[in-house]
1. Each residue of the stretch 67-72 in order: what ³J(HN,Hα) in whole Hz does its phi give by Karplus 6.51 cos²θ - 1.76 cosθ + 1.60, θ = phi - 60°, with x for Gly and Pro?
2. Would you kindly state how much longer the chain becomes between I33 and K2 on full extension, computed as 0.36 nm times their sequence separation minus their alpha carbon distance, in nm to one decimal?
3. Could you pull out every one of the lysines with an alpha carbon less than 22 Å from that of K43, ignoring same-chain neighbours closer than 8 positions?
4. So if we plug the beta-carbon distance of N11 and I53 into 1/(1 + (r/R0)^6) with R0 = 25 Å, what FRET efficiency do we get, rounded to 0.05?
5. Using the Karplus curve 6.51 cos²θ - 1.76 cosθ + 1.60 with θ = phi - 60°, what ³J(HN,Hα) values do you get for each residue of the stretch 2-19, in whole Hz, with x for Gly and Pro?
6. Roughly speaking, to the nearest percent, how much of the stretch 1-82's 1.4 Å accessible area is carbon and sulfur?
7. Would you mind getting the accessible area per residue of the stretch 1-78, heavy atoms of the protein chains only, 1.4 Å probe, in Å²?
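The values are calculated or read from the model by the stated rules, or taken from the named source; none is laboratory data. The shown structure was predicted, so the numbers you read here are calculated from the model rather than taken from an experiment. In this analysis, Cβ positions are derived from the backbone assuming ideal geometry, glycine residues included, and neighbour counts consider all displayed protein chains. Just so you know, the surface numbers come from the protein's heavy atoms only, side chains and all, with ligands and any DNA or RNA stripped out. Shrake-Rupley method; radii C 1.70, N 1.55, O 1.52, S 1.80 Å.
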Amino acid sequence: MKKIQFKVEFNDEKLKAIKVSLKDKNKNLDEEILKFLNGLYNKNVPKLLKKYIEDDFEAENKTEEEVKEVQENLPNNGNKMSEKLDNNTNKY
């Protein structure tokens, strides 16, 4: 599943206070934000949509694993084939 980064504007002094308070509790701001976002997801996204997303993610991972398995089973891990392709493209 693709991950994104997003930017949020927040009061600088409040953010500093949160970081200090979390540090005193041996907690990390990023981890706490991720927990909060996961809580929002679990609370607000309908079960059917969650299932669709998870099924799509599992299919994506399975496809990547199958490609790796095929590449590993090729002679020399498929390197000769890629070398031939590279050499052929250099001729033109």
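1. Along the stretch 67-72, the couplings run 4, 4, 5, 5, 4, 5 Hz.
2. On the way: separation 31, 0.36 × 31 = 11.16 nm, distance 1.80 nm.
So the extension gain works out to 9.4 nm.
3. List returned: K2, K3, K35, K51.
4. Numbers: r = 33 Å, r/R0 = 1.32.
My answer for the efficiency is 0.15.
5. Computed from phi, the couplings for the stretch 2-19 are 6, 9, 10, 10, 9, 10, 10, 8, 8, 4, 4, 5, 5, 5, 4, 4, 4, 4 Hz.
6. After summing per-atom areas, the C and S share lands at 55 percent.
7. 99 Å²
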